[in-house]
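The values are calculated or read from the model by the stated rules, or taken from the named source; none is laboratory data. Note that this is a predicted model, so its numbers are computed, not measured. Note: ideal-geometry Cβ built from the backbone for every residue, glycine included; neighbour counts use all protein chains shown.
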Number of protein chains: 2
Amino acid sequence: MLLFKRRIEPFKGQWSLIGSFVQPQESTEAAVRRVLAESTGLTDIFTDELGIYGAPGRDPGARVISLGYYALIRIDSENLRDTATHDARWFDTKDLPELILDHNQMVADALNKLRRRARYRPVGFELLPEKFTLPQLRRFYESIYGRSLDRRNFRKKILSMSILEKTEEKDMSESRKGAFLYRFIKEKYDAMTERGINFEI
Amino acid sequence: MLLFKRRIEPFKGQWSLIGSFVQPQESTEAAVRRVLAESTGLTDIFTDELGIYGAPGRDPGARVISLGYYALIRIDSENLRDTATHDARWFDTKDLPELILDHNQMVADALNKLRRRARYRPVGFELLPEKFTLPQLRRFYESIYGRSLDRRNFRKKILSMSILEKTEEKDMSESRKGAFLYRFIKEKYDAMTERGINFEI
DNA sequence: ATAATAAGTGTAAAATTAACACTTATTATT
DNA sequence: AATAATAAGTGTTAATTTTACACTTATTAT
């Protein structure tokens, strides 16, 4: 998770999610894209509504209703600007610092939502590299489920959906034997769901 | 779906969802409860976030960001005020009039969200009467899925979850034989999900 | 008394999921 | 050059779940 050191008072210097005010002539989605582009350099990123944070006392400075969105960024994104500056840092979600206001609650909500979604929607592919190995995909779902999944059964199930394309390339970085790289084919996923078959892992 | 004839300009007299401005000292959830109480007389109703409607030109009068919520109201709710006035009317969702602004989009989004949710969450019980028959519950899911479900298999599946309690009463209004009434027991549902079993129909 | 209707029940076949052990490609070590 | 170590890759059988399907029952209307 990408967190930011707040540059302005109040709470200057504390860790925080990033946000901005919606400008008069921009849509809320455009504001999300703008903030993402400013903070990471990325465009065309998967984003999703998280929720509305509207308790009157949540920000001691002013009455602010926050519209929560989360984005999923491939850690290998080519154009990802150097985000490990003194202003921003990537954190393991299991080891997060204290955040300002209700941002810890937002993070908890986002992780819960992501966990629920990943079961029934192909959000995992937004986080993995464009090409990934089946062991990587399996480990992603193992972390979502919080339990291990049988290697053979997982492989059988995901391949039977015919939504992945095998490449000739092997990733040699994580094992001696190496593992073949696969690609998620959105068109095949769409075709599957249109046939009425529910994606579920 | 409960729709309202707008009482003020612009769009006076046209059908609309109901809303209100969030007051300075109330939370967004409190605003939802207030609007619901004012329009139906009901409190303690299931509500859920629908989404954020924030396009800059969506309301020609002013820049308004609408925070969408939907509520599920049991049609037999005891304290439901007479909502069939000249200002408000219940509509079949398959036969809705044209609504102001982007409200038809909101309705479409709400129905889609409800359909998806109903598969994995026990929202159906928020809409059915407190006591309902298994044929009623089955017809609810048939309308969600858009296809018929086998009577015997449906009964087996839902009863195997042990989240329903059978009463001694029979509903004689829908058939000659009558059908036993059941009650959803939230505690049993919670126990089931805590055992890691996913609700899914 | 009989007909009509929808509720209620059980069983067998088919499909899916879960459990499990050996082989293979590659790198590191000797 | 041979051997050990490692994680990837594969196939089969048992268990479970889902699907398909037909008759009996309680009640009301005729």
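Output the residues belonging to segment A:13-54 that are more than 14 Å from chain B (Cβ to nearest Cβ) and outside any helix (DSSP H, G or I).
Across segment A:13-54, the qualifying residues are A:13, A:14, A:15, A:16, A:17, A:18, A:41, A:42, A:43, A:44, A:45, A:46.
Report those helices (runs of 4 or more DSSP H) wholly inside segment A:113-189 carrying at least 1 residues which are within 11 Å of DNA strand D (Cβ to nearest atom) and closer than 30 Å to residue B:197 by Cβ.
Working: elements: A:124-127, A:134-145, A:151-160.
Qualifying helices (runs of 4 or more DSSP H): A:134-145, A:151-160.
If a residue has to be aliphatic (A, V, I, L, M) and either assigned to a helix (DSSP H, G or I) or within 14 Å of another protein chain (Cβ to nearest Cβ) (or both) to count, how many in segment A:98-112 make the cut?
5
Looking at residue B:201, is it more than 13 Å from DNA strand D (Cβ to nearest atom), within 14 Å of chain A (Cβ to nearest Cβ), among the β-branched types (Val, Ile, Thr) and under 28 Å from residue A:196 (Cα atoms)?
Details: more than 13 Å from DNA strand D (Cβ to nearest atom): no; within 14 Å of chain A (Cβ to nearest Cβ): yes; among the β-branched types (Val, Ile, Thr): yes; under 28 Å from residue A:196 (Cα atoms): yes.
So residue B:201 does not fit the description; no.
Of these, A:176, A:183, A:147, which one is within 16 Å of DNA strand C (Cβ to nearest atom), within 29 Å of residue A:69 (Cα to Cα) and not assigned by TED's automatic domain parsing to the domain that holds residue A:1?
Among A:176, A:183, A:147, only A:147 is within 16 Å of DNA strand C (Cβ to nearest atom), within 29 Å of residue A:69 (Cα to Cα) and not assigned by TED's automatic domain parsing to the domain that holds residue A:1.
Restricting attention to segment A:46-72, which residues are of a type in the set (A, V, I, L, M), in contact (Cβ under 8 Å) with a residue 12 or more places away in the chain and touching a Lys or Arg at 6+ places or on another chain (Cβ under 8 Å)? Don't jump to the end; show me each part of the working.
As a first pass, look at segment A:46-72 and keep what is of a type in the set (A, V, I, L, M): A:50, A:52, A:55, A:62, A:64-65, A:67, A:71-72.
If we keep only those that are in contact (Cβ under 8 Å) with a residue 12 or more places away in the chain too, we end up with A:50, A:52, A:55, A:65, A:67, A:71-72.
Matches in segment A:46-72: A:50 only.
Which one of these does residue B:82 not meet: (1) in a loop (DSSP other than H, G, I, E, B); (2) within 19 Å of the chain's Cα centre (by Cα); (3) of a type in the set (Asp, Glu); (4) surrounded by 11 or more Cβ atoms within 10 Å (Cβ to Cβ)?
All conditions pass for residue B:82, except number (4).
Can you pull out the residues in segment A:3-46 that are within 24 Å of residue A:130 (Cα to Cα), surrounded by 15 or more Cβ atoms within 10 Å (Cβ to Cβ) and touching a helix residue (DSSP H, G or I) at 6+ places or on another chain (Cβ under 7 Å)?
Hits for segment A:3-46 are A:42, A:45.
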